[in-house]
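Colleague: Here it is: the structure, laid out below.
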Amino acid sequence: MDNFTDSLKKAFYLGVGLASYAAEQVGDIQVKAQEAAEDLIRRGETTAEEATRLINTWTPQNAAGNDAESGRPQKIEILSVEDVDSDSPDA
C-alpha cells in the first residue's frame, strides 16, 4: 500500500510541477510577446518618420509664389499644343 501512496504522491507532485512549469512558460511568452510588440511599434514609428522626411524632401520647398504655407492648392498652368508649338524657335 505504501508503494501505491508513494506513486500517487509522485503523480500529484508531477502534475503540480507540470502546472508550475507551464505557468512559468506562459509568463515568459507573454513578456517576450510584449517586448516584440513594443519593438514593432518602435519600428513603425521610425519608418513613418523616415517616410515623412522623404516626402518632405520630394515636395517643392516654399518658393516665391508658392501657396504651400497658406494651405491653398498650387496653381498649375496648362498649355495647349498650339502654345507649345508657337513658343518653339522652329515656328
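The values are calculated or read from the model by the stated rules, or taken from the named source; none is laboratory data. Model, not experiment: these values are computed from the prediction. Every residue, glycine as well, gets a Cβ built from its backbone with ideal geometry; the counts of neighbours run over all protein chains shown.
Colleague: Since ILE55 meets every condition but one in (1) within 19 Å of the chain's Cα centre (by Cα); (2) surrounded by 10 or more Cβ atoms within 10 Å (Cβ to Cβ); (3) modelled with pLDDT under 90, which condition does it not meet?
Modeller: So the condition that ILE55 fails would be (2).
Colleague: Would you confirm whether or not the range 66-81 contains a residue that is in a helix (DSSP H, G or I), modelled with pLDDT under 90 and loosely packed, with under 10 Cβ neighbours inside 10 Å?
Modeller: Yes: one or more hits.
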